[in-house]
Amino acid sequence: MNTPRDTQAGAGNGASTLDAIGNTPMVELRNLDTGPCRLFAKMELFNPGGSIKDRIALGMVEAAERDGRLEPGGTIVEATSGNTGIGLALVAALKGYRMILIIPDKMSREKIQQCRALGAEVIVTRTDVPPGHPLQYQTMAADIEARTTGALYIRQHYNPDNPAVHEVTTGPEIWSQMDGDIDAIVGGIGTAGTMTGLGRYFRKIAPDLKMILADPAGSLLAHYVQTGELTEPGAWVVEGIGEDELPPVGDMSLIDEAIVVSDRDSLAAARGLLKTEGIMGGSSTGTIAAAAAEWCRRQTAPKRVVAIIPDGGDKYLSKMYDDHWMADQGFVERETYGDLRDLIARRHDEHEDITVPPDATLAIALGKMRLFNISQLPVVQDARIIGLIDESDLLQRVLANADTQGAFGDLVATAMTAKLETLPPDAGLDAVKATFEKGFVALIRDENQYWGLVTRTDLLNWLRRNRPAA
Ligand code: PMP
């Protein structure tokens, strides 16, 4: 078991990034409505890999080193879609192990990129296959372990060193940071390592302390805590917490109460925490912060409460911290018009200019397409749309010019398509379909202004949002 390391000693003591795991700060949340209670946040996002999972990555690897399951130069294998993979990749990089991660293909690109950047070999496999299928991610990990000499499959969901790390490091840190005065801890459960380890530690040192589960709506854990029954799980968007089965390494009897939080409230709470407290947490942070504030407000006597902040929000920039994603998923209301303007994913407005002027260069147009991850740009002058430039216009121009680099300096006006088909907002869905059939995107404008464009993806997203399956 790794013991808390002394990161306070001065530089020059040979400390590595691994020594910066743990000993995370505790801050008070002063701007949330917490009724009679004081609410504190254990800032696990400050770990070097950006999450609480660095602790267990280091703990599980060092335990395996100690008992000889992992030898120098060996291979670490894990089937994970998230933060444990990043933590393990970090530990493997610094300790010189080969790291193989098997990740299901629904995972965010950012997490996969971070693991690869840390030197891990990432195998992306199918999400939609049942346990036991040769392409299922845990089956693949077991198979790779069996075929690779010196390999160890970490199995965080079954690994007793996962909760043990929290019992030995996270628990004592919280106790000392709170000066031994603490009434409740609020956290989420994925593998249950965090809450099981903390529960075991505090049951010994502070038996009256309450362990509160923050659970996303759809997970079966909260209902199990409340009733002892297992129900059919649903689906949820919050990442890293909530389960559709009981966590094998967890001890659910340590949990005193559970609070269910909807995806919408979780994401709103996380975004709110950034604005009011300056804490940029991930989606599970939102669930936990919302549940913690709720629990605090329910109390009649003053209490001191700690909420766990499991990871940072940088991995969710393209999701919950992107206003367009929030609107696409239906988590925030946008102004609606009841016409084709509602299909425009990115409305043309003063906050976000996803158009180019005719006197911009092709290099600028290409840069903007890359920035917004789109393949065409309306050309706008004085609020009027005068053309459209897409990837094939750019390619044609650049390939036709012997001086390729010079061609990127040509003006958009000379390469754009000026013959435009536009639709008024009230043209209707059939008009959009007809426009797509001709191979065009639908440009929505009325006599006064250009509103934005509708692509096939926009229509698909809109249909998914607005037309639930029959
Ligand atoms: N939040 C996030 C973002 C996570 O990745 C995890 C780990 N799955 C948790 C919370 C829950 O931690 P644990 O596995 O210890 O229950």
Using a probe radius of 1.4 Å on heavy atoms only, what accessible surface per residue do you get for the chain? Whole Å² is fine. 46
Can you give me the Cα centroid spacing of region 190-263 and region 295-368 in angstrom? 29
Simple spin-label estimate for SER375/THR361, 7 Å along Cα→Cβ, in nm, reads 2.6
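Please list the three semi-axes, largest first and in whole Å, of the ellipsoid equivalent to region 334-465, using sqrt of 5 times the eigenvalues of its alpha carbon gyration tensor. Walk me through the intermediate numbers first.
Working: eigenvalues 146, 44, 36 Å².
Computed over region 334-465, the values are 27, 15, 13 Å.
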Report the relative contact order of region 301-452, percent, no decimals, based on alpha-carbon pairs under 8 angstrom and at least 6 residues apart. 22
Once both axes come from the Cα atoms, what is the angle between helix 83-95 and the longest principal axis of the chain, in degrees from 0 to 90, rounded to 10? 70
TYR337/ASP382 FRET efficiency (R0 25 Å; Cβ-Cβ; nearest 0.05): 0.60
At a threshold of 8 angstrom on Cα-Cα distance, excluding pairs fewer than six apart, so keeping six or more, what relative contact order does region 53-153 reach in percent? 29
Extension gain (nm, one decimal) between ALA434 and ASN466, 0.36 nm per residue minus Cα-Cα: 9.5 nm
Tell me, what % of the accessible area of the chain is carbon and sulfur with a 1.4 angstrom probe? 50
Unpartnered cysteines - no second Cys beta carbon under 4.7 Å - across the chain: CYS115
Extent of region 53-153 along each principal axis, from alpha carbon coordinates, in Å, largest to smallest? 37, 28, 19
Have a look at the DSSP beta bridges in the chain and tell me what percent are antiparallel, nearest 5. 35
Note: SER108 to THR231 extended length (0.36 nm per residue) minus current alpha-carbon separation gives 41.5 nm
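Sorting TRP451, TRP295 by accessible area (1.4 Å probe), largest first, what list results? It would help to have the intermediate numbers written out before the result.
On the way: TRP451 35, TRP295 5 Å².
Of TRP451, TRP295, the descending order of accessible area is TRP451, TRP295.
Around GLU110, what is the net charge, scoring Lys/Arg as +1 and Asp/Glu as -1 over all other residues with Cβ under 10 Å from its Cβ?
Working: positive: ARG109, LYS111, LYS315, LYS319; negative: ASP314.
Overall, the nearby charge balance is +3.
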To the nearest 20 debye, the chain has a Cα-centred charge dipole, built from +1 on Lys and Arg Cβ and -1 on Asp and Glu Cβ, of 480
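Assign one of three labels to the chain, namely rounded, prolate or oblate, based on the Cα gyration tensor with a ≥ b ≥ c the square roots of its eigenvalues; rounded applies when a/c is under 1.5, prolate when it is not and a/b is larger than b/c, and oblate otherwise. Write down the numbers at each step before the final one.
Details: a/c = 2.14, a/b = 1.66, b/c = 1.29.
Prolate, because a/c is 1.5 or more and a/b exceeds b/c.
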On C-alpha positions alone, give me the angle between the axis of helix 193-205 and the longest principal axis of the chain, in degrees, nearest 10. 30
Helix 456-466 sits at what angle to the longest principal axis of the chain, using alpha carbons and giving 0 to 90 degrees rounded to 10? 60
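Nearest 0.05, what FRET efficiency do ASP19 and THR404 give at R0 = 45 Å with Cβ-Cβ as r? Walk me through the numbers on the way to the answer.
Working: r = 50 Å, r/R0 = 1.12.
The calculated FRET efficiency here is 0.35.
The values are calculated or read from the model by the stated rules, or taken from the named source; none is laboratory data. Everything quoted here is computed from the prediction, not taken from an experiment. Note that we place each Cβ from the backbone using ideal geometry, even for glycine, and neighbour counts take in every protein chain shown. Keep in mind that these areas ignore ligands, DNA and RNA; they rest on the heavy atoms of the full protein, side chains included. Shrake-Rupley method; radii C 1.70, N 1.55, O 1.52, S 1.80 Å.
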